[in-house]
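The values are calculated or read from the model by the stated rules, or taken from the named source; none is laboratory data. What you are looking at is a predicted structure, and each value in this text was computed from that prediction instead of being measured. Here Cβ is always computed from backbone atoms with ideal geometry, including for glycine, and neighbour counts include all displayed protein chains.
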Amino acid sequence: MNILVLGGSGFLSGRFVQHALAAGHRLICVTRGLKPVDPRVAQHICLPREALPDNLFASVDYQVVVDCIGMNAPQLQQSVALARQCRRLLMVSSDYAYDPAHRPLFLREEQARFSHLADYGGAKRQAEAVILQAQQADLLQGIILRPPHIYGPGSWPGTIPKHGRRATLLDELRSGQALQLLGGGLGLIQPIHVDDLARIMVALLDREEAYGQDYTACGVELMSHLDYYRVLAERLGVALFVTPYCPEGAAADVNAYVGGHRCYDRSKLDRLLPDFRHTPFRQGMAEWVDALLSSSQAAG
């Protein structure tokens, strides 16, 4: 399959490229050109996406557009325009598109209420709406994936509100610095390994029944934020210190709602990919931490 990829050098998009190439697909990647892409891609276009003409690929044959980086409605309008010639589009959205004040435990896609906030999640939902409108107009069929916390190579560990991804987190843990965790870190999460998400994306491209649908693409292991950091500290061989806190006033961050829970029903995606095997969290975290430590030692 010929795939037009918006992205290709980032955390998730780079891993998608690796797995798509391994599956035998031919890729055309559009990036800003700030980082290299896999040399095996058939074509690499270095342009900011806002400078990308809708007709740039009019003479190129591709069967699907994969947007790994779309953040808002104008960007997805561009993706839809590019996808009109192939009528297939996959967008990576986020579970933040769900209304943070109405996320019951084990939320199913058909139960979802969506964010109207002027933030990352609200913008992602507006981007999704562009696909839904295009589907209603019979211009294309889309796949919308909403992953929660993604972990693994190409990024740094950490969860928000107060410990979002950053390069200093491992050193902070090793120095005995206490983490400030909402409610002591008891909010529930289902992290997904970046390679698992990339493999899900590749697997869905060939599944006709996946198009026109949305999926929460979370990991299979339910844990608390505290569990996440316990596994991380255990791999580092250090004690974990936590300072609990409660939000004050209006919650400024999506994870400050309902205890920070990001906990979803997986049955819709599991029915489509019943034999899919996920990376065990402890294994994925151990390999990731070891690689980060090795790279930091090499850099030092």
Next item on the list: May I ask you to verify whether R199 is in contact with a helix residue (DSSP H, G or I) (Cβ under 6 Å, 6 or more places away or on another chain) and charged (D, E, K, R)?
Entry: yes
Note to self: Considering only the stretch 29-39, I want to know if a residue exists there that is within 23 Å of G212 (Cα to Cα), in contact with a strand residue (DSSP E or B) (Cβ under 8 Å, 6 or more places away or on another chain) and surrounded by 12 or more Cβ atoms within 10 Å (Cβ to Cβ).
What the structure shows: no
Check: If we scan the stretch 41-52, do we find a residue that is under 30 Å from Y264 (Cβ atoms) and touching a residue at least 40 places away in the same chain (Cβ under 8 Å)?
Finding: yes
Item checked: Only listed residue being at pLDDT 95 or above and out of contact with any His (no Cβ under 9 Å at 6 or more places or on another chain), chosen from L76, L34, L82, L117 -> L76
Notebook entry, point to check: Quick one: what pairs do we get from the stretch 3-32, first residue touching a residue at least 60 places away in the same chain (Cβ under 8 Å), second part of a strand (DSSP E or B) and polar (S, T, N, Q), C-beta under 6 Å, 6+ apart or different chains?
Noted result: G8/T31
Check: Within the stretch 172-184, how many residues are modelled with pLDDT under 95 and in contact with a Lys or Arg (Cβ under 9 Å, 6 or more places away or on another chain)?
Finding: 3
Check: In the stretch 20-94, which strands (runs of 3 or more DSSP E) lie fully inside it and hold 3 or more residues that are among the polar types (S, T, N, Q) and within 23 Å of L197 (Cβ to Cβ)?
Finding: none
Check: Quick one: would you say G187 is closer than 23 Å to R125 by Cβ and of a type outside the set (S, T, N, Q)?
Finding: yes
Next item on the list: Please list, ordered by first then second residue, the pairs with beta carbon atoms under 8 Å, 6 or more apart or interchain, first in the stretch 164-181 and without any contact (Cβ under 8 Å) to a residue 24 or more places away in the chain, second hydroxyl-bearing (S, T, Y) and surrounded by 11 or more Cβ atoms within 10 Å (Cβ to Cβ).
Entry: R165/S155
Next item on the list: Go through (1) under 17 Å from Q283 (Cβ atoms); (2) buried (at least 20 other Cβ atoms within 10 Å of the Cβ) one by one and return the number of the condition P153 breaks.
Entry: (2)
Checklist line | Qualifying positions in the stretch 139-157 - small (G, A, S) and touching a strand residue (DSSP E or B) at 6+ places or on another chain (Cβ under 9 Å) | finding: G142, G152
Margin query: Please verify whether D270 is at pLDDT 95 or above, of a type in the set (D, E, K, R) and not in a loop (DSSP other than H, G, I, E, B), treating the condition exactly as stated.
Written below: yes
Check: Tally time: how many residues in the stretch 138-162 are free of Cβ contacts under 8 Å to residues at least 60 places away in the same chain and within 13 Å of G212 (Cβ to Cβ)?
Finding: 2
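One line per residue, one yes/no per condition, for (1) without any contact (Cβ under 8 Å) to a residue 60 or more places away in the chain; (2) surrounded by fewer than 14 Cβ atoms within 10 Å (Cβ to Cβ); (3) under 23 Å from G33 (Cβ atoms):
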residue: N55; (1), (2), (3): yes, yes, yes
residue: L82; (1), (2), (3): no, no, yes
residue: Q85; (1), (2), (3): yes, no, no
residue: H102; (1), (2), (3): yes, no, no
residue: G121; (1), (2), (3): no, no, no
residue: R125; (1), (2), (3): yes, no, no
